[in-house]
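Have a look at the structure below, then the notes.
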Amino acid sequence: YDEVGEQDEVLAFDASTLELRLRFGGGKFKREAYGMAVVGEELYVGDRTAWSLHVFSLAGEHLRELFGEWREPNQLLHVDGRLYLTEQLREIDEDEVWEQEDDEDEWPYARREAGRRIFVLTPEGQTLQVWKMPEQNEVRSMVIFRNELLVDTLMDDIHNEIVTTKLLSLAGI
């Protein structure tokens with residue numbers, strides 16, 4: 001829901017005319033729907049607030065919800081039977097992290113790592129690999145190009161107080 005009570009939902013448009021053809025998912029997302037990827041005849045949509053992925057048929061039927069080690073899905077890509085998921089980076093107060101250290105969910109640790117990880121998943125939601133950026137760096141976006149995962153990053157050199165963007169290539173996807 002947004003500030004005025006509107007629910008996030010998926011809108012499908014005709015590619016030629018941009019006419020609205022289908023809307024679905026209203027009431028399924030806890031609050032914020034982010035990132036989508038088509039896998040065969042299914043659409044995966046991240047639910048940032050529920051820390052999950054909703055899976056819909058291309059006709060809009062809700063099929064299942066997937067949970068994993070990730071938090072706040074931000075971007076999804078599908079290539080060769082694998083899903084690549086990034087998380088939303090959240091700036092946090094260190095006092096907040098240490099106050100919640102005993103949280104059985106392990107959210108404080110995951111929150112420190114959020115925005116610095118790329119999860120490689122099966123379509124069933126099983127984590128195959130987690131690629132982590134060095135501390136003080138973040139993943140901004142990713143695209144597939146010629147069988148490589150290109151990752152747009154923000155690199156923070158805390159010793160020289162310089163912030164730069166770099167494009168990394170992860171081969172062998």
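Below, the figures for the structure above:
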{"quantity": "Residue, most open to solvent (accessible area, probe 1.4 Å), within segment 75-105, restricted to residues that are at pLDDT below 55 and in a loop (DSSP other than H, G, I, E, B)", "calculated": "Glu104"}
{"quantity": "Test result for Ala37, among the aliphatic types (A, V, I, L, M) and under 12 Å from the mean Cα position of the chain (by Cα)", "calculated": "yes"}
{"quantity": "Pick from segment 123-173, criterion of a type in the set (Gly, Ala, Ser) and either in contact with a Pro (Cβ under 9 Å, 6 or more places away or on another chain) or outside any loop (DSSP other than H, G, I, E, B) (or both), ranking: modelled with the highest pLDDT", "calculated": "Ser141"}
{"quantity": "Residue in segment 2-53 that is modelled with the lowest pLDDT, counting only those that are surrounded by fewer than 18 Cβ atoms within 10 Å (Cβ to Cβ) and on the phi > 0 side of the Ramachandran plot", "calculated": "Gly5"}
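The values are calculated or read from the model by the stated rules, or taken from the named source; none is laboratory data. Since we're looking at a predicted model, the values are computed, not measured. Note that each Cβ is placed from the backbone with ideal geometry, even for glycine, and that neighbours are counted across all protein chains shown. Quick note on the areas: whole protein, heavy atoms, side chains included, nothing else; ligands and nucleic acids left out. Shrake-Rupley method; radii C 1.70, N 1.55, O 1.52, S 1.80 Å.
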